[in-house]
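The values are calculated or read from the model by the stated rules, or taken from the named source; none is laboratory data. Quantities reported herein were computed from a predicted structural model and do not represent experimental measurements. Positions of Cβ are generated from backbone atoms using ideal geometry, with glycine treated the same way; all protein chains shown enter the neighbour counts. Heads up: the accessible areas ignore ligands, DNA and RNA and are worked out on the full protein's heavy atoms, side chains in. Shrake-Rupley method; radii C 1.70, N 1.55, O 1.52, S 1.80 Å.
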Amino acid sequence: MIFLKIVLRYPVSLSVIRKLESGDLVYYTGKIVTMDKEIVEIIEKYERSEGTRLYDLTGEIVALGVFEKNRFRFQEIDEELLEKLFLMGVSGVIVNQRVSFSVTKRFSRVLFEAVEEIKGSRKVVYKTPDGRKLEEVEVEKLAIRVIQDSSGKTYVKV
């Protein structure tokens with residue numbers, strides 16, 4: 001099997017996301033949205049109550065977790081949380097757990113794993129009173145691997 005090395009720049013269209021295959025190595029330059037997973041619930045509640053989005057996640061690549069001492073710490077995700085993100089328009093999610101979710105195929109989205117540490121210039125966009133944040137991180141040639149593509153196929157290390 002041949003895995004491609006692909007260079008992607010922000011914004012990444014859904015048609016490009018759907019062409020990525022499991023195992024492809026992507027060098028991504030642009031914005032990644034990082035947030036505590038509790039923020040997903042806040043965004044969802046805000047949209048229901050106000051009729052508008054607190055933050056538009058359409059077309060974004062997202063990583064759920066928090067920065068602690070300038071190092072990104074991933075949070076675990078489940079199928080329900082992924083479905084919420086994809087319903088909000090997220091194109092891809094960077095995870096650090098080897099899992100397979102049927103929701104990627106249903107929404108034609110992808111899961112990535114970070115091959116290297118997520119770092120770059122950060123801008124806090126939203127912060128709750130208890131300190132949970134949604135941040136935009138500008139990355140340069142961040143190596144991420146497609147671990148589940150939009151057809152639902154998963155990458156298995158050899």
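Under a model in which nothing but the beta-carbon of Lys, Arg (+1) and Asp, Glu (-1) is charged, the chain shows a dipole of about 440 debye around its Cα centre.
So which of Lys5/Lys31; Lys19/Lys127; Lys5/Lys133; Lys37/Lys141 end up more than 28 Å apart, counting from Cα to Cα? List each step's numbers first, then the result.
Numbers: Lys5/Lys31 19 Å; Lys19/Lys127 35 Å; Lys5/Lys133 32 Å; Lys37/Lys141 25 Å.
In this structure, Lys19/Lys127; Lys5/Lys133 exceed 28 Å between Cα atoms.
Longest exposed-loop-site-free stretch of the chain, with GluC sites (Glu not before Pro), DSSP loop and at most 15 other Cβ within 10 Å? Don't jump to the answer; show the numbers that get you there.
Details: sites that count: Glu76, Glu116, Glu117.
Between the exposed loop sites, the longest stretch runs 1-75.
Treating the angle as unsigned and between 0 and 90°, give the value, to the nearest 10°, between the Cα long axis of helix 37-50 and the longest Cα principal axis of the chain. Once rounded, the angle reads 60 degrees. The simple Förster model, with R0 at 41 Å and r as the Cβ-Cβ distance, assigns Ser151 and Arg73 a FRET efficiency of 0.85.
From the square roots a ≥ b ≥ c of the eigenvalues of the alpha-carbon gyration tensor of the chain, which class results: rounded (a/c under 1.5), prolate (a/b over b/c), or oblate? Prolate.
Taking all Cα pairs closer than 8 Å and separated by 6 or more residues, the relative contact order of the chain comes to 31 percent.
For Phe74, the accessible surface of its heavy atoms amounts to roughly 40 Å² (probe 1.4 Å, protein chains only, rounded to the nearest 10). Extension gain, Tyr126 to Thr58: 0.36 nm times the residue separation minus the Cα-Cα distance gives 22.8 nm.
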